[in-house]
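Below is one structure, written out as structure tokens; the observations come after it.
The values are calculated or read from the model by the stated rules, or taken from the named source; none is laboratory data. On a predicted model such as this, the values are computed, not experimentally measured, just so you know. Ideal geometry is used to build each Cβ from the backbone, glycine not excepted, and the neighbour counts take in all protein chains shown.
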Amino acid sequence: MEQLSGDILQTKYALDTFYFLVMGAFVMWMAAGFSMLEAGLVRSKNTAEILTKNIVLYSIACVMYMLMGYNIMYGGVSESGWLPTGMAFGLGEENTAEALLAGGDDAPYYSKMSDFFFQVVFVATAMSIVSGAVAERMKLWAFFAFAIVLTGFIYPMQGMWKWGGGVLDTAGFLDFAGSGVVHMTGAAAALAGVLLLGARKGKYGKDGSVNAIQGANLPMATLGTFILWLGWFGFNGGSELKVSDVAEANAVAMIFVNTNMAAAGGCVAALLLARLWFGKADLTMVLNGALAGLVSITAEPLTPSPEMATLIGAIGGMLVVFSIIIVDTKFKIDDPVGAISVHGVVGIWGLLAVCLTNPDATLMAQVMGIAVIFSWVFATSFITWMAIKSIFGIRVSEEEEYEGLDVGECGLEAYPEFTTQSRS
């Protein structure tokens, strides 16, 4: 019986580790989704630069989180709950079979390396959000410099406060898969950068008018949205952490269904609102509506019913339409892909919506978490952007912006057959 028990433990360990790795791969595939979405929503003259940013930011996130971010986030917390105690470089030793079979509260139930892999793709997601918001006018190397700081320090610190057992976790703040820890974090960092960067040339007229700048490839943007939708099953489903017993398997199934229904609700709601408001079925609003539904349900994808998840997503889908218009026309904040609205404004909604279905949630704790995460990320990001700006600048020249960042930053173009006609 003892041998049988040991075999069962090892089988469960192997199954949960494999599940964790597959879900991490799903989330990694979201990097392709962000690449396609952003490349589709910018002008063709900036496509190669957008794609360069996305593959390099993913790589920077992996390196920085391996070197220091993971240990900051999960290496231990001080008694106050605010400071990390694990500042060692690297990932340390893998779990052993002896530790598993010894049992007890400290017994691992999946590989430490699978945990790192799953966590690192989340870091890259947060940085991808920044990429879209600063598109078409930011220096490539300034962006990479910021990526080093965000993924190695800013993100892990606030992640430690919640998922690492820090002050927000002990205060009762709930964020199942990252409406705040990942999405609002990315949006706050993006907002700080955009405010310092300014709008694209020609976006706003001297008379206060707003000039829409059409994306070059809406089929690509739609494909990116579908890829993100698929990857989100790993994002939320993997955050259950286990799948090796009946209760956990049922929980994962519910999370998948709720994630899907929230996206559908957000998509339909954004479509209907856009039709009523603009008189047209605006595809960009539809795509952002689906993403808003996904962000809305990320903070708590387990406790709602599928019907409630659809409603939560639908509210997010309507909210993002209002937010994109207000941010663009009232605040004159130029966000080419709507990232600040989708991930920031709707991320806040998702965190507040936890109170609707999870009896353990309190409004005070959720508001506290929102305030702490946003304040930390915005302030540290603003300081970092300012430092980068003072050292070597963050914005390309007006000529480079006119010619396109593909030529100025990458020395090649994504669509060379269509060059030299006219650039606007």
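Listed here are the residues, each with its yes/no results for (1) without any contact (Cβ under 8 Å) to a residue 60 or more places away in the chain; (2) surrounded by fewer than 24 Cβ atoms within 10 Å (Cβ to Cβ); (3) touching an Asp or Glu at 6+ places or on another chain (Cβ under 7 Å).
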{"residue": "Ser78", "(1), (2), (3)": "yes, yes, no"}
{"residue": "Phe89", "(1), (2), (3)": "yes, yes, no"}
{"residue": "Pro108", "(1), (2), (3)": "no, yes, no"}
{"residue": "Gln119", "(1), (2), (3)": "yes, yes, no"}
{"residue": "Met127", "(1), (2), (3)": "no, no, no"}
{"residue": "Met138", "(1), (2), (3)": "no, no, no"}
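So that you can scan it fast, the table gives a plain yes or no per residue for (1) modelled with pLDDT under 95; (2) assigned to a helix (DSSP H, G or I); (3) of a type outside the set (Gly, Ala, Ser); (4) under 25 Å from Gly347 (Cα atoms):
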residue: Val63; (1), (2), (3), (4): no, yes, yes, no
residue: Asn71; (1), (2), (3), (4): yes, yes, yes, no
residue: Trp82; (1), (2), (3), (4): no, no, yes, yes
residue: Gly132; (1), (2), (3), (4): no, yes, no, yes
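Which number in (1) surrounded by 18 or more Cβ atoms within 10 Å (Cβ to Cβ); (2) touching a residue at least 60 places away in the same chain (Cβ under 8 Å) marks the one condition that Leu283 misses?
Going through (1) surrounded by 18 or more Cβ atoms within 10 Å (Cβ to Cβ); (2) touching a residue at least 60 places away in the same chain (Cβ under 8 Å) one by one, Leu283 breaks only (1).
Search the stretch 201-214 for residues that are touching a residue at least 60 places away in the same chain (Cβ under 8 Å) and within 18 Å of Ile326 (Cβ to Cβ) and pair each with any residue that is assigned to a loop (DSSP other than H, G, I, E, B) and of a type in the set (A, V, I, L, M) when their beta-carbon atoms are under 7 Å apart and the residues are at least 6 apart or on different chains.
Lys203/Ile213
Between a first residue in the stretch 342-367 that is under 21 Å from Pro306 (Cα atoms) and modelled with pLDDT under 95 and a second residue that is part of a helix (DSSP H, G or I) and hydroxyl-bearing (Ser, Thr, Tyr), which pairs have beta carbons less than 8 Å apart while being 6 or more apart in sequence or on different chains?
Qualifying pairs under 8 Å: none.
Within the stretch 65-89, how many residues are touching a strand residue (DSSP E or B) at 6+ places or on another chain (Cβ under 8 Å) and under 14 Å from Phe153 (Cβ atoms)? Before the answer, list the steps.
Initially, the stretch 65-89 is screened for residues touching a strand residue (DSSP E or B) at 6+ places or on another chain (Cβ under 8 Å), giving 71-73, 75-78, 83-85.
Of the ones still in play, those that are also under 14 Å from Phe153 (Cβ atoms) are 71-73, 75, 83-84.
Looking only at that region, the number is 6.
So is Val327 of a type in the set (A, V, I, L, M, F, W, C), crowded, with 24+ Cβ neighbours inside 10 Å and assigned to a helix (DSSP H, G or I) or not? If you could, list the steps in order and put the result at the bottom.
On the way: of a type in the set (A, V, I, L, M, F, W, C): yes; crowded, with 24+ Cβ neighbours inside 10 Å: no; assigned to a helix (DSSP H, G or I): yes.
When the stated conditions are applied, Val327 does not pass them.
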